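A quick write-up on the structure given underneath.
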Amino acid sequence: MSVAITHDGQGVRVEWLKQWYFRLASLPFLAGGLYFAYYMGLILKADLTGSGYWSEDWVGLLFLTGFALVIGVPGLILATLRYFIEVDPISRQLVVTNQFGPLKFHSLRQLSEFNFISITDHSDPDCSFTAYHVSLCGDRGTRPVMVSSFSRRDEANEFAQTLGAELKLRPKDYVGTEPDAD
(Lines give C-alpha, C1' and ligand atoms only; values in the text may rest on other atoms or scores of the structure.)
Protein backbone atom coordinates (compact mmCIF):
# COMPACT_ATOMS: atom_id res chain seq x y z
CA MET A 1 0.00 0.00 0.00
CA SER A 2 1.15 3.49 -0.61
CA VAL A 3 0.86 6.08 2.09
CA ALA A 4 1.03 9.85 1.83
CA ILE A 5 2.26 12.05 4.66
CA THR A 6 1.32 15.67 4.09
CA HIS A 7 1.91 18.79 6.16
CA ASP A 8 -0.43 21.69 6.34
CA GLY A 9 -0.17 24.78 8.49
CA GLN A 10 -1.64 23.06 11.52
CA GLY A 11 -0.51 19.46 11.53
CA VAL A 12 0.30 16.20 9.84
CA ARG A 13 -2.04 14.07 7.76
CA VAL A 14 -1.30 10.41 7.02
CA GLU A 15 -3.52 8.97 4.29
CA TRP A 16 -3.72 5.37 3.17
CA LEU A 17 -3.89 5.48 -0.63
CA LYS A 18 -5.61 2.70 -2.54
CA GLN A 19 -4.34 1.85 -5.98
CA TRP A 20 -6.81 2.17 -8.84
CA TYR A 21 -7.02 -1.60 -9.34
CA PHE A 22 -8.32 -2.09 -5.78
CA ARG A 23 -11.36 -0.07 -6.77
CA LEU A 24 -12.13 -2.61 -9.53
CA ALA A 25 -13.68 -4.88 -6.89
CA SER A 26 -16.50 -2.35 -6.54
CA LEU A 27 -17.53 -2.53 -10.21
CA PRO A 28 -19.57 -5.79 -10.04
CA PHE A 29 -21.49 -4.45 -7.03
CA LEU A 30 -22.12 -1.09 -8.68
CA ALA A 31 -23.20 -2.80 -11.90
CA GLY A 32 -25.61 -5.06 -10.01
CA GLY A 33 -27.07 -2.12 -8.12
CA LEU A 34 -27.51 -0.15 -11.34
CA TYR A 35 -29.17 -3.16 -12.99
CA PHE A 36 -31.88 -3.24 -10.34
CA ALA A 37 -32.15 0.58 -10.32
CA TYR A 38 -32.74 0.53 -14.10
CA TYR A 39 -35.73 -1.80 -13.68
CA MET A 40 -37.00 0.34 -10.81
CA GLY A 41 -36.94 3.28 -13.22
CA LEU A 42 -38.89 1.33 -15.82
CA ILE A 43 -41.59 0.42 -13.29
CA LEU A 44 -41.81 4.00 -12.01
CA LYS A 45 -41.99 5.36 -15.58
CA ALA A 46 -44.82 2.97 -16.41
CA ASP A 47 -46.73 3.87 -13.24
CA LEU A 48 -46.27 7.62 -13.69
CA THR A 49 -47.26 7.65 -17.37
CA GLY A 50 -50.40 5.60 -16.74
CA SER A 51 -49.47 2.40 -18.58
CA GLY A 52 -48.85 0.53 -15.32
CA TYR A 53 -50.80 0.03 -12.13
CA TRP A 54 -49.25 1.12 -8.83
CA SER A 55 -51.39 -1.42 -6.94
CA GLU A 56 -49.80 -4.26 -8.95
CA ASP A 57 -46.24 -2.91 -9.08
CA TRP A 58 -45.47 -1.83 -5.51
CA VAL A 59 -44.27 -5.27 -4.35
CA GLY A 60 -41.85 -5.63 -7.27
CA LEU A 61 -40.68 -2.06 -6.81
CA LEU A 62 -40.05 -2.74 -3.12
CA PHE A 63 -37.99 -5.85 -3.90
CA LEU A 64 -36.00 -4.09 -6.63
CA THR A 65 -35.27 -1.20 -4.27
CA GLY A 66 -34.07 -3.63 -1.60
CA PHE A 67 -31.83 -5.52 -4.04
CA ALA A 68 -30.43 -2.28 -5.47
CA LEU A 69 -29.52 -1.08 -1.98
CA VAL A 70 -28.15 -4.41 -0.71
CA ILE A 71 -25.94 -4.85 -3.77
CA GLY A 72 -25.16 -1.24 -4.71
CA VAL A 73 -24.26 0.21 -1.29
CA PRO A 74 -21.28 -2.14 -0.69
CA GLY A 75 -20.02 -1.23 -4.16
CA LEU A 76 -20.32 2.46 -3.33
CA ILE A 77 -18.45 1.88 -0.07
CA LEU A 78 -15.65 -0.02 -1.83
CA ALA A 79 -15.36 2.65 -4.51
CA THR A 80 -15.22 5.63 -2.14
CA LEU A 81 -13.40 4.19 0.89
CA ARG A 82 -10.79 6.53 2.39
CA TYR A 83 -8.84 6.12 5.62
CA PHE A 84 -6.68 8.87 7.06
CA ILE A 85 -5.22 10.09 10.31
CA GLU A 86 -4.79 13.75 11.17
CA VAL A 87 -2.43 14.82 13.95
CA ASP A 88 -2.68 18.25 15.54
CA PRO A 89 0.64 18.89 17.32
CA ILE A 90 -0.67 21.91 19.22
CA SER A 91 -3.56 20.14 20.96
CA ARG A 92 -1.74 16.75 20.82
CA GLN A 93 -4.82 15.06 19.36
CA LEU A 94 -5.12 12.34 16.76
CA VAL A 95 -8.25 12.05 14.62
CA VAL A 96 -8.79 8.75 12.79
CA THR A 97 -11.28 9.16 9.93
CA ASN A 98 -13.02 6.45 7.91
CA GLN A 99 -14.84 8.00 4.97
CA PHE A 100 -17.31 6.31 2.64
CA GLY A 101 -18.50 8.82 0.08
CA PRO A 102 -20.18 11.66 1.98
CA LEU A 103 -20.21 9.75 5.31
CA LYS A 104 -17.34 10.36 7.71
CA PHE A 105 -16.73 8.47 10.94
CA HIS A 106 -14.27 10.17 13.28
CA SER A 107 -12.45 8.76 16.28
CA LEU A 108 -10.66 11.28 18.49
CA ARG A 109 -7.64 10.06 20.48
CA GLN A 110 -4.96 11.81 22.50
CA LEU A 111 -1.46 11.56 21.08
CA SER A 112 -0.16 11.03 24.61
CA GLU A 113 -1.82 7.57 24.62
CA PHE A 114 0.77 6.30 22.15
CA ASN A 115 4.35 5.49 23.13
CA PHE A 116 5.79 3.81 20.04
CA ILE A 117 5.14 2.65 16.49
CA SER A 118 5.02 -1.11 16.03
CA ILE A 119 5.82 -3.14 12.93
CA THR A 120 4.23 -6.58 13.01
CA ASP A 121 3.84 -9.35 10.47
CA HIS A 122 0.63 -11.15 9.64
CA SER A 123 0.82 -14.15 7.36
CA ASP A 124 -1.82 -16.42 5.96
CA PRO A 125 -1.07 -20.08 6.73
CA ASP A 126 -2.59 -21.20 3.42
CA CYS A 127 -0.32 -19.10 1.21
CA SER A 128 3.06 -17.46 1.30
CA PHE A 129 1.79 -13.85 1.50
CA THR A 130 2.92 -11.81 4.49
CA ALA A 131 1.64 -8.34 5.33
CA TYR A 132 3.60 -5.95 7.53
CA HIS A 133 1.36 -3.67 9.58
CA VAL A 134 2.54 -0.34 10.97
CA SER A 135 0.51 0.75 14.01
CA LEU A 136 0.55 3.39 16.72
CA CYS A 137 0.70 1.58 20.06
CA GLY A 138 0.65 2.48 23.72
CA ASP A 139 0.74 0.74 27.08
CA ARG A 140 -1.36 -2.32 27.89
CA GLY A 141 -5.05 -1.61 27.53
CA THR A 142 -4.55 1.01 24.81
CA ARG A 143 -6.23 0.08 21.57
CA PRO A 144 -3.67 0.41 18.75
CA VAL A 145 -4.35 2.41 15.59
CA MET A 146 -3.23 0.71 12.39
CA VAL A 147 -1.77 3.29 10.07
CA SER A 148 -0.91 1.20 7.03
CA SER A 149 0.01 -2.22 5.72
CA PHE A 150 2.87 -3.13 3.40
CA SER A 151 3.84 -6.21 1.42
CA ARG A 152 7.59 -5.71 1.98
CA ARG A 153 9.35 -5.40 5.31
CA ASP A 154 11.80 -2.71 4.20
CA GLU A 155 8.91 -0.47 3.08
CA ALA A 156 7.24 -0.90 6.46
CA ASN A 157 10.46 -0.08 8.31
CA GLU A 158 11.12 2.98 6.17
CA PHE A 159 7.58 4.27 6.68
CA ALA A 160 7.75 3.63 10.45
CA GLN A 161 11.02 5.61 10.62
CA THR A 162 9.47 8.52 8.71
CA LEU A 163 6.28 8.47 10.78
CA GLY A 164 8.29 8.19 14.00
CA ALA A 165 10.30 11.27 13.06
CA GLU A 166 7.09 13.20 12.34
CA LEU A 167 5.30 12.20 15.55
CA LYS A 168 8.42 11.96 17.75
CA LEU A 169 7.75 8.29 18.55
CA ARG A 170 10.24 5.45 18.27
CA PRO A 171 9.52 2.50 15.95
CA LYS A 172 9.79 -1.08 17.26
CA ASP A 173 10.09 -4.05 14.93
CA TYR A 174 8.12 -7.06 16.22
CA VAL A 175 8.39 -9.09 13.01
CA GLY A 176 8.91 -12.77 13.77
CA THR A 177 7.99 -12.52 17.47
CA GLU A 178 5.02 -14.10 19.20
CA PRO A 179 2.17 -11.88 20.48
CA ASP A 180 1.67 -11.31 24.20
CA ALA A 181 -0.84 -13.39 26.15
CA ASP A 182 -3.38 -10.55 26.37
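Normalised by the residues of the range 31-182, what does the relative contact order come to in percent, with Cα pairs under 8 Å and at least six apart? Working shown, then result.
Values: 219 pairs, mean separation 22.6, N = 152.
Worked out over the range 31-182, it gives 15 percent.
Would you mind classifying the range 72-160 by shape? Square roots of the alpha carbon gyration tensor eigenvalues, ordered a ≥ b ≥ c; an a/c under 1.5 is rounded, otherwise it is prolate if a/b is larger than b/c and oblate if not.
oblate
Mind checking which of Val70, Val14, Val134 has the largest fluctuation in a GNM of the chain, springs on alpha carbons under 10 Å?
Val70
Among Tyr83, Tyr38, Tyr132, whose mean-square fluctuation peaks in a Gaussian network model of the chain (Cα, cutoff 10 Å)?
Among Tyr83, Tyr38, Tyr132, the largest GNM mean-square fluctuation belongs to Tyr38.
At 1.4 Å probe radius, can you tell me the per residue accessible area of the range 54-142 in Å²?
Working: 5310 Å² over 89 residues.
The answer is 60 Å² per residue.
What FRET efficiency, computed as 1/(1 + (r/R0)^6) with R0 = 22 Å and r the Cβ-Cβ distance, is obtained for His7 and Tyr83, rounded to the nearest 0.05?
Values: r = 19 Å, r/R0 = 0.85.
Computed FRET efficiency for His7 and Tyr83 comes out at 0.70.
Could you give the length gained by full extension between Ser128 and Arg153, i.e. 0.36 nm per residue of separation minus their alpha carbon distance, to one decimal place?
So the extension gain works out to 7.6 nm.
If a paramagnetic tag sat 7 Å from the Cα of Tyr39 along the Cα-Cβ line, which residues of the range 65-91 would have the backbone N under 16 Å from that point?
Under cut-off, by backbone N: 65-72.
With no solvent and one point on each alpha carbon, what is the Debye value of log10 I(q)/I(0) for the range 1-138 at q = 0.11, 0.15, 0.21, 0.22 Å⁻¹?
After summing over all Cα pairs, the log10 values are -0.65, -0.90, -1.25, -1.29.
Give the lysines reachable from Lys172 as a straight Cα distance under 28 Å; neighbours fewer than 8 places away on the same chain don't count.
Within the straight-line cut-off, Lys172 pairs with Lys18.
Apply the membrane-span-like helix rule to the chain: whole DSSP H runs, Cα extent along the own long axis of at least 30 Å, mean Kyte-Doolittle hydropathy at least 1.0. List the helices found.
Length and hydropathy pass: 26-49, 54-80.
When the accessible area of the chain is split by element with a 1.4 Å probe, what percent falls to carbon and sulfur?
Values: 7160 of 11690 Å².
Looking at the chain in its full context, I get 61 percent from C and S.
If R0 is 22 Å, what FRET efficiency do you get for Arg23 and Leu69 from their C-beta distance, rounded to 0.05?
0.60
The values are calculated or read from the model by the stated rules, or taken from the named source; none is laboratory data. All figures in this text were calculated on a predicted structure; none of them were measured in a lab. When we count neighbours, we look across all protein chains shown, and the Cβ atoms used for this are built from the backbone with ideal geometry, even at glycine. Ligands, DNA and RNA are stripped out before the accessible areas are found, and what is left, the full protein with its side chains, is counted by its heavy atoms. Shrake-Rupley method; radii C 1.70, N 1.55, O 1.52, S 1.80 Å.
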